[in-house]
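Down below is the structure, laid out as structure tokens.
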Amino acid sequence: MLDTFRPLQTIAQKDMEDSLRDRFILIVTLFLATATLTSLVTGAVALNTDVALFEKAKATLLALGKSPADIVSPDFYPLRLLRGAIEQIEIIGAILGILIGHRAAAGERGRQTFALIMTRPLNAWQFLAGKVLGGGILISGGLAVVFGLGAILLQLVSGVSLTATDLLRIGLVWILASAYTTVFFLLAFLAALRMKRPLNALLLSFTIWLLLVLVAPQIGDTLDPDNQVAGGVFRQLHIPKAEEERIKGNYAVFEQIRGGIESASVTKHFERFSFAVLGIKESYAGKPLAPILVEKSGDVLWILCFTFGLGGLVFSRRLSIDKITKEN
């Protein structure tokens, strides 16, 4: 058993070391961390000001003889400040996954080392699994640093203490963020491994990234009539719920098409889950975690289907050493 999995560990370790020496990947990783933490600190400072004002007002009321039991502490919801981090991971995190995945396959082909590696006592699935394992560890480790530093900054800068439940919510989002980013790693890895020219594989990966991350979610949001007015057009016009449903029924087909385009994006599913679990979306703020997980289980399954589906494609076709060698 150890002899079977030891090659995976060796390949994964080598791949991680190579990726960490790649300055461009390190630059993108640092940019992701800087962008997410900058947006977090800005919001945390503002929240700290609100907390300080409340504490000052509370002290004044207590000095005037107000009973502490009569002073209701507001809900500050510090996890909402992670919105910027989620949005950066949706875009830059996906790019990072593409770069790591592309390098994992194209690097071996470019250095003409693929055929040499396969002359070792190594099965093709062990080679592929080692590459995927190394990429997965890099991705989850980098995101763990981002979320870990984010939690520390929230605790230190915002003035609001994080509870064990808050940390659990952050941990769950980190797990799904790792799976989400791995989708783009597998996409780029598969393309660079199977296509004739690695450069064309990279272009294809970024084209799909453009469609899934930027185009599809924006089409869904832009074509939603209720999103065109702050708070919703139906609320602003004070239309009763029953009348709202009747009006929506008149363009049900349009809504199905719009919803289908939006749901085709793995990015949108990651955003829906994260915004709900972290309470970024107002309707979920203060709501217990268990019902949220039940309601958002479909978004989790969608991302997992993307991940395991691409993983299955990676391992489904036999690697041809001669073909890949000739293509280089």
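A simple spin-label model places the labels of Arg6 and Leu289 4.0 nm from each other, with each point 7 Å out along Cα-to-Cβ. Note on Ile175 and Ser67: the model spin-label points, each 7 Å out from Cα along the C-beta direction, lie 4.4 nm apart.
Can you compute the FRET efficiency between Ala144 and Val45 using 1/(1 + (r/R0)^6), with r the Cβ-Cβ distance and R0 = 22 Å? Round to the nearest 0.05. Calculated value: 0.35. A probe of 1.4 angstrom, applied to the heavy atoms of all protein chains, finds Thr165 with accessible area near 70 square angstrom.
In the neighborhood of Arg169, defined by Cβ-to-Cβ distances under 14 Å, what is the net charge if each Lys or Arg adds +1 and each Asp or Glu adds -1? Let's see the in-between values first.
Numbers: positive: Arg80, Arg83, Lys281, Lys287, Lys296; negative: Asp166.
Once positives and negatives cancel, what remains is +4.
When the surface is traced with a 1.4 Å probe over the full set of protein chains, Lys196 keeps roughly 130 Å² accessible. With 32 Å as the limit on Cα-Cα distance, the pairs of Lys14/Lys296; Lys56/Lys296; Lys131/Lys287; Lys58/Lys281; Lys56/Lys287 that go past it are Lys14/Lys296; Lys56/Lys296; Lys131/Lys287. Fully extending the segment from Thr163 to Lys56 would add 36.2 nm, taking 0.36 nm per residue of separation and subtracting the current Cα-Cα distance. Each of Ile152 and Ile91 was given a label point 7 Å from its Cα along the Cα-to-Cβ line. The distance between the two points is 2.7 nm. What is the calculated FRET efficiency for Leu301 to Gln218, with r their C-beta to C-beta distance and R₀ = 22 Å, to the nearest 0.05? The pair Leu301/Gln218 has a calculated efficiency of 0.40.
Using a probe of 1.4 angstrom and keeping all protein chains present, the accessible surface of the range 9-92 works out to 60 square angstrom per residue.
The values are calculated or read from the model by the stated rules, or taken from the named source; none is laboratory data. Quantities reported herein were computed from a predicted structural model and do not represent experimental measurements. Cβ sites come from the backbone with ideal geometry, for glycine too, and all protein chains shown count toward neighbours. SASA here: full protein model, heavy atoms, side chains in, ligands and nucleic acids out. Shrake-Rupley method; radii C 1.70, N 1.55, O 1.52, S 1.80 Å.
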